[in-house]
Amino acid sequence: MIFAVAGSRRVLVVAIPLGFALAACSREHAAPPVPPAPVTVVKAIARDMPELVTAIGTVEAINSVAVKSLVDGQLERSFVKDGDTVAPNQPLFRIDPRPSEAALHQAEASLAKDQAALSQAHSQVQRYAPVAEKHYISADQMEQYRTNLNAAAASVKVSQANVASAKLTLAYTDIRAPLAGKIGRILVQPGNLVKANDTNALVVINQIKPIYVTFALPGPLLGQVLAAQRSAPLSVSASITGIAAAVEGNVAFIDNAVDSATGTIKLRGEFANKEDLLWPGQLVGVSLVLGHDANAIVVPDRAVQNGPDGKYVFVVDAKQHAEQRNIDVVRVVDGAAVVAKGLAAGEFVVLDGQSRVENGALLKVTETPP
């Protein structure tokens with residue numbers, strides 16, 4: 001503390017040590033401590049994970065039949081409507097049967113006539129055979145009777161064949177489903193004239209239970225596909241837009257050659273399609289299981305971030321601090337990332353809130369189930 005005199009006035013000047021002043025200023029402007037970043041974490045686990053390859057597949061009907069008439073006539077009746085599901089041998093259409101019925105009656109009458117002629121010829125042979133043995137009639141005359149009998153028998157066989165043909169033609173007037181399936185739009189309406197084996201079908205039936213999905217894989221995968229098939233039946237799934245769960249099936253066919261133009265091999269999966277989720281012509285995502293990793297390290301895919309050095313996750317250490325760690329992800333299966341390197345089972349990684357986290361940051365952790 002220093003006194004100074006200025007004229008008639010006495011002035012008191014107080015000197016404060018510089019260190020105390022700087023300390024007070026520092027306390028006034030010091031930044032507050034950074035609060036822990038709130039994050040959600042999940043534990044990395046070891047589990048069995050399928051080894052998958054994916055492709056785009058096209059749904060195909062196992063059987064597709066264009067139903068046509070086998071006789072000429074007027075379409076009298078339709079027993080089904082657009083989009084119906086039909087069973088084998090179920091009635092579909094009826095052609096006017098009256099012309100065929102008339103043809104059958106005519107064939108039956110001709111058969112009756114020929115049978116009467118056969119009966120007469122048989123009676124003549126029986127009547128004149130004893131007479132011919134006594135030489136009361138010539139041998140040529142007796143041979144004529146036997147010839148007449150054989151000719152009448154042949155005529156009966158022709159008439160029987162005509163009757164069978166007429167019955168078959170009449171049966172063709174009732175058109176039945178050749179297989180179980182789903183019919184499309186009816187292309188010819190009752191009242192129209194139809195021709196036998198016409199260019200235009202009456203309706204098309206597609207068999208959809210079971211059903212095929214055809215897809216192609218890169219040719220270099222063929223060896224792996226064949227090796228997997230030798231060890232166990234290959235399972236395949238089809239993912240449909242708008243349907244949460246994939247449809248499960250098995251590989252039913254592997255083509256016998258790699259397409260030289262595209263370098264791909266064609267495969268076909270067979271699906272029971274019990275819920276009618278797959279339709280011919282539909283495009284679906286296909287996943288083929290080629291093997292399994294028994295103890296793969298797995299974390300949710302959304303926990304994995306992309307950086308300039310590749311993929312990484314934030315690992316929570318024992319003191320609740322974030323550690324940015326680079327990892328190798330070999331594949332993603334149904335939202336689960338399979339980690340080949342950089343992470344161990346049991347470690348916790350940040351699942352949500354990565355935007356608030358940096359390397360070394362203190363965390364406020366909320367755990368979610370794996």
Margin query: Looking only at segment 121-140, how many residues end up being part of a helix (DSSP H, G or I) and exposed (fewer than 12 other Cβ atoms within 10 Å of the Cβ)?
Written below: 6
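Suppose we filter 275, 270 for residues that are at pLDDT 95 or above, more than 20 Å from residue 342 (Cα to Cα) and among the acidic types (Asp, Glu); which single one remains?
270
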Item checked: Single residue of segment 214-223 satisfying the filter (closer than 21 Å to residue 333 by Cα and touching a Gly at 6+ places or on another chain (Cβ under 8 Å)) that is surrounded by the most Cβ atoms within 10 Å (Cβ to Cβ) -> 215
Next item on the list: Can you tell me which residue within segment 141-159, out of those that are of a type in the set (S, T, N, Q) and surrounded by fewer than 15 Cβ atoms within 10 Å (Cβ to Cβ), is nearest to residue 100 (Cα to Cα)?
Entry: 150
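Can you name the residue in segment 164-186 that is surrounded by fewer than 18 Cβ atoms within 10 Å (Cβ to Cβ) and of a type in the set (A, V, I, L, M) and, of all such residues, is nearest to the chain's Cα centre (by Cα)?
Ranking the candidates gives 180 first.
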Notebook entry, point to check: For segment 228-275, which residues satisfy the criterion of being surrounded by fewer than 12 Cβ atoms within 10 Å (Cβ to Cβ) and over 27 Å from residue 335 (Cα atoms)?
Noted result: 230, 231, 256, 257, 260, 261, 262, 263
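For segment 331-355, how many residues meet the condition of being in a strand (DSSP E or B) and either aromatic (Phe, Trp, Tyr) or surrounded by 15 or more Cβ atoms within 10 Å (Cβ to Cβ) (or both)?
The qualifying residues number 11.
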Check: Any residue at all in segment 126-135 that is in contact (Cβ under 8 Å) with a residue 12 or more places away in the chain and not charged (D, E, K, R)?
Finding: yes
Check: Name the residues in segment 43-82 that are under 30 Å from residue 358 (Cβ atoms) and surrounded by fewer than 19 Cβ atoms within 10 Å (Cβ to Cβ), would you?
Finding: 43, 45, 46
Next item on the list: Could you tell me which numbered condition residue 60 fails, if it satisfies all but one of (1) out of contact with any Gly (no Cβ under 9 Å at 6 or more places or on another chain); (2) acidic (Asp, Glu); (3) at pLDDT 90 or above?
Entry: (1)
Next item on the list: Kindly indicate the residue of segment 320-330 that is without any contact (Cβ under 8 Å) to a residue 24 or more places away in the chain and surrounded by fewer than 20 Cβ atoms within 10 Å (Cβ to Cβ) and also farthest from the chain's Cα centre (by Cα) among those meeting that condition.
Entry: 325
Notebook entry, point to check: Within the bounds of segment 55-68, is there any residue that is part of a loop (DSSP other than H, G, I, E, B), more than 22 Å from residue 281 (Cα to Cα) and either of a type in the set (Lys, Arg) or in contact with a helix residue (DSSP H, G or I) (Cβ under 6 Å, 6 or more places away or on another chain) (or both)?
Noted result: yes
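Being of a type in the set (Ser, Thr, Tyr), within 60 Å of the chain's Cα centre (by Cα) and not assigned by TED's automatic domain parsing to the domain that holds residue 71 narrows it down to one residue among 119, 155; which is it?
155
The values are calculated or read from the model by the stated rules, or taken from the named source; none is laboratory data. Just so it is clear, the structure is predicted and the values come from calculations on it, not from any experiment. Reconstructed Cβ throughout: ideal geometry from the backbone, glycine too, with neighbour counts over all protein chains shown.
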